[in-house]
1. Give the residues of the range 190-215 that are part of a loop (DSSP other than H, G, I, E, B) and touching a residue at least 40 places away in the same chain (Cβ under 8 Å), sorted by residue number.
2. Among (1) in a helix (DSSP H, G or I); (2) within 30 Å of residue 16 (Cα to Cα), which single condition is residue 159 missing?
3. Quick one: residue 54 ticks every box in (1) over 22 Å from residue 218 (Cβ atoms); (2) in contact (Cβ under 8 Å) with a residue 40 or more places away in the chain; (3) in contact with a strand residue (DSSP E or B) (Cβ under 8 Å, 6 or more places away or on another chain) except a single one, so which number is it?
4. Taking the range 249-262, which residues are under 15 Å from residue 172 (Cβ atoms) and assigned to a helix (DSSP H, G or I)?
5. Identify, by number, the condition in (1) more than 16 Å from the chain's Cα centre (by Cα); (2) crowded, with 19+ Cβ neighbours inside 10 Å that residue 120 doesn't meet.
6. Looking at 126, 119, 98, 105 in this structure, which one is in a helix (DSSP H, G or I) and under 27 Å from residue 173 (Cα atoms)?
7. For the range 230-243, which residues satisfy the criterion of being at pLDDT 95 or above and either in a loop (DSSP other than H, G, I, E, B) or more than 20 Å from the chain's Cα centre (by Cα) (or both)?
8. Only one residue in 207, 178 is within 24 Å of residue 79 (Cα to Cα) and assigned by TED's automatic domain parsing to the domain that holds residue 244. Which one?
């Protein structure tokens, strides 16, 4: 990796036209008068894995000793932009009038949203229909063993038990409430490092207002603190019709209880 200089990051956007070199993308900048027709930028391992070939991206451009580094990369919604904008605006408006201590109730359909997964793909709430979804909320930088790492460990254990039982169409979702850091590329690397980079796991992130609205809807309290994020925890089960089947607050939700509930409704 190049050594990043101390100069301020420059907002940057453009279309990825080549992903041939390891950890390097060739991008056609939106502003060719400043950056030229094409430029090669080094990216993180997670962003390189996604590639974003022929897709528009935005991020922060930094100058290092050996060239340019594109950080905090976000894709666009592409052909889904209009639909995503409508759904997310509606979600944020509804959450703005909701009491923080009044999350959605069991039996209610979970809110529509447009987010990104760890592959940089747009994901709508409707895309989860047809699967029994087990979901909890984390952030990749969490280092407190009894919090996010504990939730992840439970999800992984539950995944193993569900597979052993032969249950099909069960999706394990980890939604980040730290979109300032957890881009799709960061979540891609996080999934790989924890060996959950498979189709049974989906990691979600998105625009800050959308994430904040969803935390309110699911009843997760998030407070930025010195060098970390203080937060509560919630684990939920969503049935194949998109309705909340079960919600458990706290970090000590029982894996066996969740497995039994999934088996009952799957």
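1. 194, 196, 197, 200, 206, 207
2. (2)
3. Only one criterion in (1) over 22 Å from residue 218 (Cβ atoms); (2) in contact (Cβ under 8 Å) with a residue 40 or more places away in the chain; (3) in contact with a strand residue (DSSP E or B) (Cβ under 8 Å, 6 or more places away or on another chain) is unmet by residue 54, namely (2).
4. Kept after step one, since they are under 15 Å from residue 172 (Cβ atoms), are these residues of the range 249-262: 253, 255, 258-259, 261-262.
Result: 255, 258, 259, 261, 262.
5. That leaves (1) as the condition not met.
6. Checking each option against the conditions leaves just 126.
7. 239, 240, 241, 242, 243
8. Only one candidate qualifies: 207.
The values are calculated or read from the model by the stated rules, or taken from the named source; none is laboratory data. The structure displayed is predicted, hence computed values, not measured ones. Methodologically, a virtual Cβ is constructed for each residue, glycine included, from the backbone with ideal geometry; neighbour enumeration extends over all protein chains shown.
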